[in-house]
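> Here's a structure for you.
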Amino acid sequence: MTTATTRALRTPPNRTGATTARVPPAANPSLPSLTGLRWMAALLVFGLHVNNFGYFGGTGARFVSWGFGAGATGVSFFFVLSGFVLTWSARPRDSALGFWRRRIARIYPVHLVTCVVALLMTYTPHQTRPAPKQALANVLLVHSWWHPWWQTLNPVSWSLACEAFFYASFPLLFLVLRRLGARWSVVAGGLCVAAIVVLAWADAHHWWKYALYSFPAARLPEFVLGTVTARLVLLGRWRGPGLEASLALAVIGYFFVPQLAPGYSATVCTIAGFALLIPAAAVADLKGLPSLWRRRRLVRLGELSFAFYMIHLLVLRAATNVLGNKPHFGALAGLAVTAAAFAMSLGLSWLLYETVECPARRLLLRCRRRGASPQEPAPDRAEAPAATSD
C-alpha cells in the first residue's frame with residue numbers, strides 16, 4: 001500500500017464508531033482493489049464477445065453462454081466505478097477545465113489509435129465502412145446519442161461516448177454532491193436506483209423508439225450512484241455489507257440476468273450488487289482487510305484493462321477473416337482459439353498502454369504539471385476501462 005493508504009488506516013474512528021476515510025487534502029489514498037475489480041469486469045465483456053462470435057459449439061457453447069451471456073453488465077460496473085473513483089479523487093479547488101483536460105489525456109489517445117485501427121480494418125474483406133459523418137461522430141464521442149451509429153468503427157467505444165457525457169456533467173454534479181450530507185446522499189442513491197428501475201421497465205415495454213442500453217442520458221443514474229456511494233465512504237458513513245457478502249450479491253444478480261429481457265433491463269439485476277461491491281472493496285483497502293482484488297498481478301491487469309477493453313473486439317473481428325463467422329468449434333479447439341485471441345488482445349493492450357496510453361498522457365499533461373501548485377489535484381486512480389485513471 002502507499003504511504004497515504006497507511007496513514008488512512010491509522011486514522012482513528014469518529015465518535016459514532018464509524019471509521020473515517022478523511023486524509024490530508026493533498027490526496028485520498030489509492031484503492032488497488034478497485035483496479036483489480038475492473039480487470040474482472042473487462043474479462044466479463046471479453047467473454048461476452050467470445051460467446052457472440054460463436055467460437056464454441058455444442059456443450060461448450062452452452063457453458064460459455066451460461067458464464068458470459070450476461071457479460072454486458074460489466075459495462076454497468078464500469079459506469080458505477082467511474083462515478084465512485086472520480087468523486088474519490090476530486091478536489092474542491094480543481095477547475096472544470098483542468099478536470100476535462102485530465103479526462104481527455106486519459107482516454108482520448110487510446111480511443112484515437114483504436115479508431116484508426118478500426119478504420120483501416122474496414123478496408124479488409126467483409127467489413128462495413130462507415131460514412132464520414134458516422135466516423136467523425138465516433139471520433140468526437142457523440143455517436144451513442146444517435147442509435148443507428150452507436151457501434152460504428154470500434155463498437156465498444158459507445159461506452160466512451162457515455163463517459164464523455166458523464167465527464168461533461170461531473171464538475172456541476174460535484175458542486176452539488178460536495179454539499180450533501182450522509183442522509184441526502186442516501187436519498188440521492190435511492191433515487192438513482194429508482195430511476196434505473198423505471199428506465200428498465202420503459203425499455204422493456206418499448207416506450208422509446210430506440211433501445212436505452214447505449215443512450216448516455218439513460219446510463220447517467222449508474223454513474224451518479226457511484227458518486228454518492230463514494231461520498232458516503234468519504235464521510236465515514238458507509239454501512240454496506242462486507243466484501244464477501246457484496247461479491248455474493250453481485251454474482252447472484254449476474255446469474256439472474258437471463259430471467260429478464262436483454263439490454264438495459266439487465267442493469268436492474270446487478271446494480272445493487274455493484275453499488276455495494278465497489279465501496280466494500282474501497283473500505284477493505286482503507287481498513288487493511290483481506291482482499292483478493294488487491295493482489296499485484298490483478299492490479300497490473302487492471303492497469304491494462306482500458307487498453308484491453310478497447311482493442312479486444314477488434315482482435316476478434318479481425319479473426320473472422322481467418323476463422324469465418326461463428327465457427328462453432330469443439331471444446332478443445334474453441335479453448336485454443338479463445339486463448340490465442342486473449343493472448344493477442346492482452347499483448348496488444350500492453351503495447352497500447354506502454355507506447356500510447358502512458359506516454360501520451362504524460363505529454364498532454366506536462367505543461368499543466370510544470371505550472372501546478374503543490375495543492376493541485378493528484379492524478380485519479382483505479383478507474384474503470386471506460387474511464388480509467390490519470
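Matching residues to (1) in contact with a Ser or Thr (Cβ under 9 Å, 6 or more places away or on another chain); (2) modelled with pLDDT of 95 or more; (3) of a type in the set (D, E, K, R):
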residue: L160; (1), (2), (3): yes, yes, no
residue: V198; (1), (2), (3): no, yes, no
residue: A211; (1), (2), (3): no, no, no
residue: L232; (1), (2), (3): yes, yes, no
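> Looking only at the range 255-264, decide whether some residue is surrounded by 22 or more Cβ atoms within 10 Å (Cβ to Cβ) and farther than 20 Å from T227 by Cα.
Scanning the range 255-264 turns up at least one residue that is surrounded by 22 or more Cβ atoms within 10 Å (Cβ to Cβ) and farther than 20 Å from T227 by Cα.
> Can you tell me which of L225, L160, L220, L175 is under 30 Å from P109 (Cβ atoms), assigned to a helix (DSSP H, G or I) and either touching a Lys or Arg at 6+ places or on another chain (Cβ under 7 Å) or without any contact (Cβ under 8 Å) to a residue 12 or more places away in the chain (or both)?
Result of the check over L225, L160, L220, L175: L175.
> Only one of R38, R22, R10, R15 is modelled with pLDDT of 95 or more and basic (K, R). Can you tell me which?
Within the list R38, R22, R10, R15, the selection yields R38.
> Which members of the range 305-314 meet the condition of being crowded, with 22+ Cβ neighbours inside 10 Å and under 12 Å from L348 (Cβ atoms)?
Listed by number, the residues that qualify are A307, F308, Y309, M310, I311, H312, L313.
> Do we find that F274 is touching a Cys at 6+ places or on another chain (Cβ under 7 Å), in a helix (DSSP H, G or I) and not small (G, A, S) in this structure?
Here the answer is no, as F274 does not meet what is asked.
> Do we find that L249 is surrounded by 18 or more Cβ atoms within 10 Å (Cβ to Cβ), among the aliphatic types (A, V, I, L, M), touching a residue at least 60 places away in the same chain (Cβ under 8 Å) and closer than 19 Å to A70 by Cβ in this structure?
The answer is no for L249.
> On the given criteria, is P241 surrounded by fewer than 23 Cβ atoms within 10 Å (Cβ to Cβ) and out of contact with any helix residue (DSSP H, G or I) (no Cβ under 7 Å at 6 or more places or on another chain)?
No.
> I'm checking my understanding of the structure. Among residues of the range 258-285 that are farther than 20 Å from P221 by Cα and not aliphatic (A, V, I, L, M), which one is modelled with the highest pLDDT?
D285
> Quick one: would you say A336 is closer than 30 Å to F63 by Cα and either modelled with pLDDT of 95 or more or in a helix (DSSP H, G or I) (or both)?
So A336 fits the description; yes.
> Answer yes or no: is there a residue in the range 122-130 that is in a helix (DSSP H, G or I) and either without any contact (Cβ under 8 Å) to a residue 24 or more places away in the chain or of a type outside the set (S, T, Y) (or both).
Scanning the range 122-130 turns up no residue that is in a helix (DSSP H, G or I) and either without any contact (Cβ under 8 Å) to a residue 24 or more places away in the chain or of a type outside the set (S, T, Y) (or both).
> Going through T355, T320 one at a time, which residue ends up being surrounded by fewer than 18 Cβ atoms within 10 Å (Cβ to Cβ), assigned to a helix (DSSP H, G or I), at pLDDT 95 or above and β-branched (V, I, T)?
Criteria check complete, one pass: T355.
> Another one. Tally the residues that are assigned to a helix (DSSP H, G or I) and buried (at least 23 other Cβ atoms within 10 Å of the Cβ), restricting the search to the range 139-152.
2
> Still on this model: Please enumerate the residues belonging to the range 205-217 that are part of a helix (DSSP H, G or I) and either buried (at least 17 other Cβ atoms within 10 Å of the Cβ) or of a type in the set (D, E, K, R) (or both).
Residue satisfying the conditions is P216 alone.
> Another question about this same structure. With respect to P155, determine if the residue is in contact (Cβ under 8 Å) with a residue 60 or more places away in the chain, surrounded by fewer than 20 Cβ atoms within 10 Å (Cβ to Cβ) and within 15 Å of L220 (Cα to Cα).
no
> Based on what the data block shows, is L292 touching a residue at least 24 places away in the same chain (Cβ under 8 Å) and surrounded by 16 or more Cβ atoms within 10 Å (Cβ to Cβ)?
no
> Right, another one. Considering each residue of the range 65-109, count those that are in a loop (DSSP other than H, G, I, E, B) and more than 14 Å from T267 (Cα to Cα), and give that number.
6
> Can you name every residue in the range 181-202 that is farther than 19 Å from S82 by Cα and touching a helix residue (DSSP H, G or I) at 6+ places or on another chain (Cβ under 8 Å)?
Selection gives A182, V197, L199, A200.
> Now for a separate question. Checking L136 against (1) crowded, with 21+ Cβ neighbours inside 10 Å; (2) part of a helix (DSSP H, G or I): exactly one of these is not met. Which one?
(1) is the only condition that L136 fails.
> Something else now. Considering (1) closer than 18 Å to L235 by Cα; (2) modelled with pLDDT under 95, say which one F99 fails and leave the rest.
Going through (1) closer than 18 Å to L235 by Cα; (2) modelled with pLDDT under 95 one by one, F99 breaks only (1).
The values are calculated or read from the model by the stated rules, or taken from the named source; none is laboratory data. Here the structure is a predicted model, which is why all the values come from computation and not from measurement. Glycine also receives a Cβ, built like all others from the backbone with ideal geometry; neighbour counts cover every protein chain displayed.
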